[in-house]
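The values are calculated or read from the model by the stated rules, or taken from the named source; none is laboratory data. Every value quoted in this text rests on a predicted model; they were computed, and no experiment measured them. A quick note on method: Cβ atoms are made from the backbone with ideal geometry, for glycine too, and the neighbour counts reach across all protein chains shown.
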Amino acid sequence: MTDIAPSRPELLSPRDEAHVSYGLRAKTLGDLAYNLLAHPVADDGDEAPPPGERVRRALALRERLDALIAQAGVADREDGATWTEIGAAAGITRQAAQERWAPHVSAWDTAGRRALPEHRGVSALEAATVLNVGYARLADDRPADAFSRALDAVRFPGAEAAERARRERAVAARARLAALAEAETRRQDDLHRLARDGAAPAERSEALRALAELREENAERHDELAGLEPDHADTHRAAAVQARGHAAHDREFAALLAPHGTQALA
């Protein structure tokens, strides 16, 4: 074992990863489209294809195209584009754009904002090299690094270590948010049980205060992520405001149940 750092980053910035993911989807769609030029044949090798085979094969590209458009929305969001700007580019309203593509952005976040699954054993930068080669083959006058030259990891290689540390902190914050969500669910289940069983007001008040503490920490983690993930800062800040609002409501209700500093049951 050595302490020598790898010469190429294994994990790029979320912006770079989103661009590579978009590029890979575009290449796949292009390859499939070129395959349509070949004469369709039946599954048994017969030269006569089934009726409507060209229409079926062409329509099969639609799902791939929808996936490419969704990833374009993800990449534009990673670039800092607002939903208003994306909606204008698509000829729809801000609300329509957010409703259509925000779920894909959320799924991208949940998946770790990576172009390729970790088990594939291929880095996004290596995938970018493949995209360079494929693009350059289309014409002799195209540069050999037409795709990767725009990536932050290529333009600013010294920032890779800082980016990795930032991403690690973001992953930890998201993991804590997931644990908090589970803890909140359990605490809410406890509150329902206490209410159903007719528990003393002071006991229910204490449970509400504990739930409020979880929600306050939830807000803190979203505040942290707002700094770590500036492209999604507005979403995180909104989540933090909502969590603090719920916490304040819990504390108010707890005070009504157990006023004047009444202590919970032991």
Of the residues A173, A90, A70, A124, only one is assigned by TED's automatic domain parsing to the domain that holds K27, surrounded by 13 or more Cβ atoms within 10 Å (Cβ to Cβ), in contact (Cβ under 8 Å) with a residue 24 or more places away in the chain and more than 13 Å from the chain's Cα centre (by Cα); which?
A124
When residues of segment 127-146 are filtered for being surrounded by 19 or more Cβ atoms within 10 Å (Cβ to Cβ) and either among the hydroxyl-bearing types (S, T, Y) or modelled with pLDDT under 85 (or both), how many remain?
1
So, in segment 26-84, how many residues would count as being of a type in the set (F, W, Y) and modelled with pLDDT of 90 or more?
1
Being over 25 Å from I69 (Cα atoms) and either among the polar types (S, T, N, Q) or touching a residue at least 24 places away in the same chain (Cβ under 8 Å) (or both): is that true of R196 here?
no
If we keep just the residues of segment 90-122 that are assigned to a helix (DSSP H, G or I) and among the hydroxyl-bearing types (S, T, Y), which is modelled with the highest pLDDT?
S106
Being surrounded by fewer than 15 Cβ atoms within 10 Å (Cβ to Cβ), within 30 Å of H246 (Cα to Cα) and either of a type outside the set (V, I, T) or touching a strand residue (DSSP E or B) at 6+ places or on another chain (Cβ under 7 Å) (or both) is the requirement here; does R149 meet it?
no
Candidates E99, E182, filtered to the one that is closer than 28 Å to A219 by Cα and not assigned by TED's automatic domain parsing to the domain that holds D66:
E182
